[in-house]
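Okay, so here's the structure we're looking at.
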Amino acid sequence: MTIEELLDTFPVRKSTMEVAVAHAVDPGIFQMAEAALERGLCRFHFFGPEQEMKKAVKEGGFSWKDSDKVRFSDATDENDAAKKAVRQVAEAKAHVLMKGMVPTSVLLKAVLSKPEGLRTGRVLSHLAGFHIPNYHKMLFMTDAAMNIAPALDEKKQMIENSSAAMVKMGVKLPKVAVVAAVETVNLAMQATVDAAMLTQMNHRGQIKGCLVEGPLGFDNAIDQSAAVSKGISSPVGGDADLLVVPSIEVGNILYKSFTYFGGAVVGGMILGAKAPIVLTSRTDSIDSKLFSLAMALSSTDQPIIK
C-alpha cells in the first residue's frame with residue numbers, strides 16, 4: 001500500500017484544518033509539511049526562533065513560505081514556542097498540536113498548564129496506528145508512550161480515548177482486545193484481572209462505543225485460527241482493531257517489533273487533551289509523519305476554521 005492509498009483510508013482530510021507546530025527548527029519538519037501541503041492535508045502555523053526557522057526552511061527545501069497555507073510566528077526559545085503553539089490550539093485557532101524540535105516534557109508541560117493549556121480532566125494516552133502488510137486491516141494499539149503501568153481506571157480511559165478517535169477515523173465499532181500472557185483470569189497476574197473487569201464493564205455499558213474482550217493472548221487477538229484453537233468464541237478474537245497492552249514496556253516492544261520485523265508503517269498521537277497531539281521523532285520517515293498527521297486531523301473535534 002502506498003502512502004497515498006494509506007491516507008485515503010482516513011475520512012476527514014480538509015486543507016482548511018490547521019496544525020500548530022511547536023519549535024519548528026528541524027529541516028525534517030518542513031520536508032513533512034511540504035509533503036502534507038502537496039497532498040492538501042492541512043495548513044500550518046510554525047512557532048520558533050525566526051532565524052532558526054529560516055535556516056531549517058532553507059535546508060528542508062520548503063517552497064511554501066509565501067503561501068496562505070503557511071504562517072510563521074517568532075518565539076524566543078523552545079519553551080516560548082511550546083506555549084504559543086499550545087495557546088493557538090487552546091483558543092481554537094488550530095485543530096492539532098504537533099511537536100517540532102522541542103523535548104516532549106517541555107511540550108507536555110505547556111499542554112498541562114492550568115491557566116492556558118489543553119487539560120480536560122481525562123487521562124492522556126497514546127494511540128498508535130499500524131499498517132502491517134500481513135494483517136488484514138489497520139491495527140491500533142494503546143499505550144506505548146504515555147502511561148507506564150496503568151491502573152484499571154486509566155485503562156478504561158485509554159480504551160475510551162482510543163475508540164472514540166477510531167470511530168472518527170472510520171472504524172464503526174472498534175473491536176478491543178485487552179492482551180495478557182494468558183487467556184484465563186489468574187489472580188497472580190493483575191493484567192488478566194483488569195482485562196476481565198474491563199470486559200464486564202463493557203458488557204454492562206460502563207464502556208461504550210466498542211466491543212471489549214479480555215484477557216486475550218496476542219496470538220488469539222490477531223489470528224482467527226489461534227482463537228479457534230483456544231476455544232475463544234468472540235467477535236474480537238482474531239479480528240482485533242485495538243490492542244490494549246498492560247504496560248509501557250509491552251507496548252514499546254510490540255511497537256518496535258511491528259516496525260522492524262513486521263515492516264509496518266506507523267503513526268501515533270496523544271489523546272485526552274482538547275485536541276490531538278502529534279509527537280513525531282526526527283527518525284520517523286516522511287510517510288510515518290504523514291500517517292500521524294492524518295490520524296490526528298481525522299480525529300479532531302474542533303470545527304473547520306474559515
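The values are calculated or read from the model by the stated rules, or taken from the named source; none is laboratory data. Everything quoted here is computed from the prediction, not taken from an experiment. Please note: Cβ atoms are built from the backbone with ideal geometry, for glycine as well, and neighbour counts cover all protein chains shown. We work out accessible area using only protein heavy atoms, side chains counted, and drop any ligands, DNA or RNA first. Shrake-Rupley method; radii C 1.70, N 1.55, O 1.52, S 1.80 Å.
Listed values, structure above:
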{"item": "Filtered residue count, segment 205-256, keeping only those that are at pLDDT below 95, closer than 16 Å to Val171 by Cα and not in a loop (DSSP other than H, G, I, E, B)", "result": "0"}
{"item": "Subset of segment 217-269 (residues that are of a type in the set (Lys, Arg) and under 21 Å from the mean Cα position of the chain (by Cα))", "result": "Lys256"}
{"item": "Cross-chain or 6+ apart pairs with Cβ under 6 Å, segment 40-62 first and open to solvent by 50 Å² or more (accessible area, probe 1.4 Å), then at pLDDT 95 or above and among the acidic types (Asp, Glu)", "result": "Glu50/Asp74"}
{"item": "Residue in segment 182-189 that is among the small types (Gly, Ala, Ser) and closer than 20 Å to Gly238 by Cα present", "result": "no"}
{"item": "Qualifying residue in segment 228-239 (condition: open to solvent by less than 20 Å² (accessible area, probe 1.4 Å) and within 19 Å of Leu271 (Cβ to Cβ))", "result": "no"}
{"item": "Close pairs from segment 169-187: first in the same structural domain as Pro150 (by the TED database) and farther than 17 Å from Leu152 by Cα, partner in a strand (DSSP E or B) and open to solvent by 30 Å² or more (accessible area, probe 1.4 Å), Cβ under 7 Å, at least 6 apart", "result": "Leu173/Leu211; Lys175/Leu211"}
{"item": "Failed item, numbered, when Lys54 is tested on (1) at pLDDT below 95; (2) farther than 22 Å from Pro276 by Cα", "result": "(1)"}
{"item": "Members of segment 172-186 that are at pLDDT 95 or above, within 24 Å of Ser298 (Cα to Cα) and either surrounded by fewer than 21 Cβ atoms within 10 Å (Cβ to Cβ) or not small (Gly, Ala, Ser) (or both)", "result": "Leu173, Pro174, Lys175, Val176"}
{"item": "Counted residues, segment 104-136 - those being in contact with an Asp or Glu (Cβ under 7 Å, 6 or more places away or on another chain) and not in a helix (DSSP H, G or I)", "result": "3"}
{"item": "Among the candidates Ser281, Ser234, Ser225, residue that is in contact with a helix residue (DSSP H, G or I) (Cβ under 8 Å, 6 or more places away or on another chain), without any contact (Cβ under 8 Å) to a residue 24 or more places away in the chain and hydroxyl-bearing (Ser, Thr, Tyr)", "result": "Ser234"}
{"item": "Segment 117-131, residues that are open to solvent by less than 10 Å² (accessible area, probe 1.4 Å) and either touching a Leu at 6+ places or on another chain (Cβ under 6 Å) or closer than 25 Å to Ala191 by Cα (or both)", "result": "Ser125, Leu127, Ala128, Gly129, Phe130"}
{"item": "Matching residues, segment 63-82, being in a helix (DSSP H, G or I) and either outside the structural domain of Ser113 (by the TED database) or surrounded by 20 or more Cβ atoms within 10 Å (Cβ to Cβ) (or both)", "result": "Glu78, Ala81, Ala82"}
{"item": "Residues of segment 249-295 that turn out to be under 12 Å from Leu127 (Cβ atoms), in the same structural domain as His23 (by the TED database) and either small (Gly, Ala, Ser) or open to solvent by 10 Å² or more (accessible area, probe 1.4 Å) (or both), as a count", "result": "1"}
{"item": "Test for Asn202: is it modelled with pLDDT of 95 or more and in contact with a strand residue (DSSP E or B) (Cβ under 8 Å, 6 or more places away or on another chain)", "result": "yes"}
